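Written out below as structure tokens is the structure these notes cover.
Read-outs throughout are calculated quantities, based only on the coordinates presented, and are distinct from any laboratory measurement. What you are looking at is a predicted structure, and each value in this text was computed from that prediction instead of being measured. Using ideal geometry, Cβ is built from the backbone for each residue, glycine included, and neighbour counts are taken over all protein chains shown.
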Amino acid sequence: MDSTTPAAVAGAAPRWTPSRREQTWIGWLLDWKPFLIVMCLLPAVGLLTVFLTYPLGLGVYLAFTDTTIGRRGIWVGLENFEYLFGDPIFWNAVFFSVFYTGIATIGKFALGLWLALLLNHHMPLKSFIRAIILVPWIVPTVLSAIAFWWIYDPQFSIISYVFVDVLGWRTTNIDFISTAWPARWSLIAANIWRGIPFVAISLLAGLQTIPPSLYEAAMLDGSTGWQRFRYITVPMIMPILAIVMTFSIIFTFTDFQLVYAITRGGPVNSTHLLATLAFQRGIPAGQLGEGAAIAVSMIPFLVFATLFSYFALARRKWQQGEAND
Amino acid sequence: MANIITTRRGTLMLGASAAAAAALGASPGSAQIQRAAVTPPSWPIESGATLRMIRPVRFVQPDEEVFRANCARFTQQTGVQVRVDFVGWEDITQQTAVTANTGAGPDIIIGFNEAPHIYTDKLVELSDVAEYLGARYGGWLPMAKRYGTRHGTNTWIGVPFGASGGPLVWRKSAVNEVGFTTPPDDHAGFLDLCRKLKAANKPPGFALGNAVGDGNGFANWLVWSHNGFLVDPEGRVAINSPETIAALEYLKDLYATFIPGTIAWGDISNNRAYAAQELWLTSNGVSLYFALKNDPATAPIAEDTEHTLMPKGKAAASPMAGLTLNAMLFRHSRFPNAAKALIAFLMESEQYDPWLQANLGYWSQPLANYAESAVWKGDPKVAIFRDVMKSDYWIGYKGPISQASAAANAEYIMVQMCASVASGQATPQAAAREAERRAQRHFRAR
């Protein structure tokens, strides 16, 4: 870096210097690296602080207070967590969040991978079909949730209509969301429907990066289709699978819109996820501290899920250029 | 959100009493409203006063038009600019909280139900406004007094503007078909009616899902009509009582007659099922009737629809707690006199009666003399809503109105207690204990 000081330049001013203009203080400042670094980082750091760190910090702080809407709380330590520990509704939400995430993720990945493998073949209208596949994912969640709300309606379900009035196979409407277990499965089905495209398209991208020569070599060695899938496809898409699964688990675990729009956590709190329960307690019921405590209690689950999918699925030494164990 | 700024300053002397100004010239539509010649308190309007108010959005278009016109007339007569913002129902609680906590924002908020009781220390006492209006218009109705005053005192912290209730809505043809002229007023008779309706394949149904209005309305009725209550007058949780158990035992029989799926019902579900002629008896606000009446396809259903109060059961009167509009004036307002004058002005018959009529019966008056309003003399099926605020019940009955009673309502404690029994998940005893446990959390001393 040029270390010419402004004073030295000013001294040389009368002489005609073609290549160098007089260095003003602002130019000097902008040439000073620490300042430049601070200036360039400031917007990003500022935005993250204001919109991420502060709300997160405030949320964690609120979890240790008894703040309600309209009333500044006082520090109560772990009181909120102690109450939640003995609250069957909270434990039910923990159970359902884990169950919902687990089953929906398995469903999404099984069907998504299957769909990706199908789409990876050559077929007529390939691009069109790939675009259509994305529809469930690009439709705003609230809209698809409302569609499912109608599909699952106790009185006006299209599925019940087909079975009762058109086919005559049943005499009563199907109970989708009026009792606990059917409601849970209905929500999981809606979540799987919505999540498949994301998984399928991401895995399709992964599948297309696998060099065809690997399959050719394996075929020359007389491999079966299953062997090619097991020993080529699966290891090759494992890194992207890990990333996609991490995202999918986070999105599913923190899901809110589907549950809130379809059941609002009902019947009798059996389908509350931690996110919907946190909202219910925090905003409509006004118990901000308790709502924040529920939201904070999601963090360990998310960290664990992230670490699990990251380390269990992605850490293969050969992928980093070393020998496998 | 919509807003309007009515600007007409300096047309009248600043400092003139708004209420006195209002007394000039009554419109013909309000001629039948009796009022006493009471001298309004003097509220010398502050120089350069402007007011901001927020209130919930309208049910019907004329509500907003008349409300704005009333505020514009206030501007005309006093020179005080009034800006009114109409806010979505789901947002008004949060906006009130922000206003109260930051000490900035609107001077007046017309909120719901308990709001003034939560922010009492941030509000200007409105006893002078309320006492004046009460003396002038035949007194405040019981529910209005309950929501307007601090628990157990005569200190007014809010001025209720009206309430909407949810009585029994039923199909005359169906009820007559099974041998009743109107739904009976006792529990056994009502159960008998519901059983016969079910047998006639014209089932009744009440929301037992997470429906803030309908679900709480039904659960409260069930418990109150058996003389049970959530908290006692001192605010101690009292839901786990023999009365509650009896109510839940009764519900087991009643629920068996319901159309399937009511445990998943939201606030809109019974409206849809009723309009589709799958549901023949339910409880709802007047909106259902108007929706049916205004659509030519469903007008015959409206023709066949009747409203009556929910059965009173063991209670002295039919238990019903409506949704109340409750106006409050914040201490941070720089123009409290102008604000008081505006509140009083809006409740004067020249303004209030046209507004009441514009609302077609969606809102019912808090002041006794407005029972004579023309709105209650039009459609006889709407007349029942005239007495909504005569009810001596409120959300959180029999305790003080507070954040805790509001939270218990928003948390569906009563509804879920009923739903868990109806669905067979819990015995009445276990459900009452669970409700008690949850309520104690909200009503704990802080």
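For chain B, what is one quarter of the convex hull surface built on the Cα atoms, given in nm²?
Spelled out: convex hull of the Cα atoms, projected over all directions, averaged, 20.4 nm².
Which residue, chosen from A:Val162, A:Thr271, A:Thr224, occupies the Cα position most advanced towards the positive end of the dipole of segment A:89-318, where the dipole is computed from +1 (Lys, Arg) and -1 (Asp, Glu) charges on Cβ about the Cα centre?
A:Thr224
Can you pull the Kirkwood radius for segment A:171-213, inverse mean 1/r over Cα pairs, to one decimal in Å?
For segment A:171-213, the Kirkwood estimate is 13.0 Å.
Per the helix-only calculation at 222 nm, which mean residue ellipticity applies to chain A, given -39500 (n - 2.57) for every DSSP H run of n ≥ 4 and division by its residues, nearest 500 deg cm²/dmol?
The per-residue figure over chain A is -18500 deg cm²/dmol.
Taking each pair of different alpha-carbon atoms in the protein assembly as shown once, compute 1/r for the pair, average those values, and report the inverse of that mean as the Kirkwood hydrodynamic radius in Å to one decimal.
Numbers: mean 1/r = 0.0332 Å⁻¹.
One over the average 1/r among Cα pairs gives 30.1 Å for the protein assembly as shown.
Need one number for chain A: average projected area of the convex hull over its C-alpha atoms, nm².
The Cα convex hull of chain A, projected and averaged over all directions, gives 30.7 nm².
With the cut-off at 21 Å, tell me which of the pairs B:Lys145/B:Lys381; B:Lys202/B:Lys377; B:Lys145/B:Lys398; B:Lys145/B:Lys377 have Cα atoms farther apart than that.
Flagged as over cut-off: B:Lys145/B:Lys381; B:Lys202/B:Lys377; B:Lys145/B:Lys377.
Only loop residues by DSSP count here, and only those with at most 13 other Cβ atoms within 10 Å; note down the trypsin sites (Lys or Arg not before Pro) in segment A:70-114 that meet that.
When the trypsin sites (Lys or Arg not before Pro) of segment A:70-114 are filtered for loop state and at most 13 Cβ neighbours within 10 Å, A:Arg72 remain.
Can you pull the semi-axes for segment A:237-276, root of five times each eigenvalue of the Cα gyration tensor, sorted largest first, whole Å?
Largest first, segment A:237-276 gives 28, 8, 7 Å.
Cross-link partners among lysines for B:Lys198, C-alpha distance below 18 Å, same-chain residues fewer than 8 apart left out?
The reachable lysines, counting only those whose Cα sits under 18 Å from B:Lys198, are B:Lys172, B:Lys252.
Per the Kirkwood treatment, what hydrodynamic radius in Å, one decimal, follows for segment A:65-132 from the mean inverse distance over all distinct Cα pairs?
Over segment A:65-132, the inverse of the mean reciprocal pair distance is 16.5 Å.
Which residue, A:Phe176, A:Pro212, A:Ala190, has the largest displacement toward the positive end of the dipole of segment A:89-318 when charges sit on each Cβ (Lys, Arg +1; Asp, Glu -1)?
A:Pro212
Quick check: Cα centre of segment A:174-217 to Cα centre of segment B:414-428, how many Å?
Rounded to whole Å, the Cα centres lie 36 Å apart.
Under 5 Å between amide H atoms, partner at least 5 residues away or on a different chain: which partners does B:Thr305 have, H built in plane at 1.01 Å?
Correct list: B:Lys172.
Could you tell me what % of all Cα pairs in segment B:113-252 have separations over 23 Å?
The calculated P(r) of segment B:113-252 puts 54 percent of pairs beyond 23 Å.
Where does segment A:146-199 land on Rg/Rh, using Cα atoms and the Kirkwood Rh?
Here the Rg-to-Rh quotient is 1.03.
When only C-alpha pairs under 8 Å and at least 6 residues apart count, what is the relative contact order of chain A, in percent?
24
Find the eigenvalues of the gyration tensor of the Cα atoms of segment B:31-112, then list the square roots of 5 times those eigenvalues as equivalent ellipsoid semi-axes, largest first, in whole angstrom.
Working: eigenvalues 121, 72, 36 Å².
Equivalent-ellipsoid dimensions as semi-axes: 25, 19, 13 Å.
In terms of modelled amide H atoms, which long-range or inter-chain residues lie less than 5 Å from the amide H of B:Asp85?
Those qualifying (amide H under 5 Å, at least 5 residues apart or on another chain) are B:Met53, B:Ile54, B:Arg55.
What is the magnitude of the charge dipole of the protein assembly as shown about its Cα centre, with +1 placed on the Cβ of each Lys and Arg, -1 on the Cβ of each Asp and Glu, and no other charges, expressed in debye to the nearest 20? Don't jump to the answer; show the numbers that get you there.
Details: 59 positive and 55 negative charges, 216 e Å.
Using only the charged Cβ atoms, the result is roughly 1040 debye.
Which value, in nm² and rounded to one decimal, describes the direction-averaged projected area of the C-alpha convex hull of segment B:244-389?
Working: hull surface 50.0 nm².
Computing the convex hull of the Cα atoms and averaging its projections yields 12.5 nm².
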